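Each remark here refers to the structure printed beneath this line.
The numbers here are math on the coordinates, done by the rules we state, and not lab data. For clarity, every value in this text was computed on a predicted model and none was experimentally measured. Here the Cβ positions follow ideal geometry from the backbone for every residue, glycine too, while neighbour counts run over all protein chains shown.
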Amino acid sequence: MSLNKTYHPETLSLRAGTETTEFGENSEAIFLNSSFKFKNSAQAAARFGGTEPGNIYSRFTNPTVTMFQNKLAALEGAEQCVATSSGMSAILACVMGLCNAGDHVVASRSVFGTTVQLFGNILKRWGLEVTFVSLTNPSEWQAAITPKTKLFFVETPSNPLTEVCDIKVLAGIAHEANAYLVVDNCFCTPAIQKPLDLGADIIIHSATKYIDGQGRCLGGAVLGSKTLMEPVYGFLRTAGVTMSAFNAWVFLKGLETLHIRMEAHSRKAFELATWLETQPQVARVYYPGLASHPQYALASQQQVSGGGIVSFEVKPKSNQTKQEAAWELIDATELISITANLGDAKSTITHPATTTHSRITAEARLEVGISDNLIRIAVGLEHVDDLKADLRF
Ligand SMILES: *Cc1c(COP(=O)(O)O)cnc(C)c1O
């Protein structure tokens, strides 16, 4: 359904993008077929030639996936969305669509560990130049620019330390250099932060996280202007990093409750973070909604709320190393799931130094501030008192 009135975001979550078939279903249908029939050869030729819109083959487009794309595009305020098989393939499709060998990318050092591997290892082998800089220091971004710089790539807030960058400032620096600012908006979702409104050009999503919201399946998305998304879509339909129709349907259901879920995740995370700050066994808490957060003022402007991710450092007891202290607290939990995933309705707890960030060197970890006693909690939707009781200091 194309909505010709300006509805509130919560309403768009439920109503934007939805199409109904001749059967009048109220919840979106799942089209699990691979190909689509044509009335005759002329129609087939017109579809392939691009003179008649319509589906051809589900590697290219699929009605359920299209509904997901249109709904997410409406929520992010983007002209176009390209859905992908995972968050990582969204990043891959973005780079493959927009960059050539020899092009240069400036990326935040504080991005998802696999994103560091993709840029710094795999894409580098194919001739992409990458410079990693500090998320929060705009002068490093400025200094890293070369005549070949094509993309700036950030996550804000970052994982796991929830550092926040000024999207408007980085967009300004990127645009002056004729580069595009890409924001991985996985931690916030459009319910909390709208990067395109702040000047970013492209948004990446791992739909696997809060867009699903219940840890069921993998998916991703790239969003931006029609012009920028055309080559991204061109890569996708050729390389086949397509979202499955079933997963698109799960994400459509997830998006319907996005706003109430994100509001609840944020409220519970804020309550837990506030409580953690009062615990004698906690050395430091990282949460953008706390007044003690270094970029609290910026986060309050740029985000509706702090989001669901809280990290903290636990103080080792006299006979313990930092890692032992962290592992002891994590291993004593009975309720919170020990898993590296986030964005699930079930709270999850992670030791970044030995899991998500174990593939980077100890020095590099220290450089970005990930110490051995750091613990990350992706706060789910349980009662906060039960989460507090599960942390046995
Ligand atoms: C999980 C994650 C990704 C990768 O997404 P997948 O769906 O697991 O491929 C990318 N960026 C961020 C910030 C993530 O948390």
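Relative to the longest principal axis of the C-alpha atoms of the chain, give the angle of the C-alpha long axis of helix 63-76, reported between 0 and 90° and rounded to the nearest 10°.
Orientation of helix 63-76: about 50 degrees from the principal axis.
Over all distinct alpha-carbon pairs, what is the Kirkwood Rh of the range 327-372 in angstrom?
On the way: mean 1/r = 0.0861 Å⁻¹.
Taking every pair of different Cα atoms in the range 327-372, averaging 1/r and inverting gives 11.6 Å.
Quick check on packing: order 375-383, 33-41, 267-275 by the mean number of other C-beta atoms within 10 Å, highest mean leading.
So the order, starting with the most tightly packed, is 375-383, 267-275, 33-41.
Restricting everything to alpha-carbon atoms, can you work out Rg to Rh for the range 44-153 with a Kirkwood hydrodynamic radius?
Numbers: Rg = 17.3 Å, Rh = 16.2 Å.
Rg/Rh for the range 44-153 comes to 1.07.
Among W126, W327, rank each residue by its count of other Cβ atoms within 10 Å, from fewest to most, as a rough exposure measure.
W126, W327
Let me see the P(r) profile for the chain: every Cα-Cα distance counted, bins of 20 Å, each bin given as a percent of all pairs.
The percentages, shortest bin first, are 28, 56, 15, 1.
Once the mean 1/r over all distinct Cα pairs of the range 199-267 is inverted, what Kirkwood radius in angstroms do you read off?
Its Kirkwood hydrodynamic radius stands at 13.3 Å.
What Kirkwood hydrodynamic radius, in Å, does the range 259-390 give when the mean of 1/r is taken over all pairs of distinct Cα atoms and then inverted? Each step should come with its number before you reach the end.
Working: mean 1/r = 0.0661 Å⁻¹.
About 15.1 Å for the range 259-390.
Could I get the Rg over Rh figure for the range 109-173? Both from C-alpha atoms, Rh via Kirkwood, rounded to two places.
0.95
Where the centroid of each part is defined by its Cα atoms, how far is the range 162-210 from the range 214-269 in Å?
If you average the Cα positions of each part, the centres end up 15 Å apart.
Any idea what angle helix 226-239 forms with the longest principal axis of the chain, computed on alpha-carbon atoms, 0 to 90 degrees, nearest 10?
Helix 226-239 and the main axis of the chain meet at about 90 degrees.
Can you pick out the pairs among K150/K209; K194/K253; K168/K346; K226/K346; K124/K150 whose Cα atoms lie more than 26 Å from each other?
Details: K150/K209 28 Å; K194/K253 21 Å; K168/K346 33 Å; K226/K346 36 Å; K124/K150 14 Å.
Check vs 26 Å cut-off fails for K150/K209; K168/K346; K226/K346.
Let me spell out the model: positive unit charges on the Cβ of Lys and Arg, negative unit charges on the Cβ of Asp and Glu, origin at the Cα centre of the chain. What dipole size does that give, in debye rounded to 20?
With only Lys, Arg, Asp and Glu charged at Cβ, the dipole is about 720 debye.
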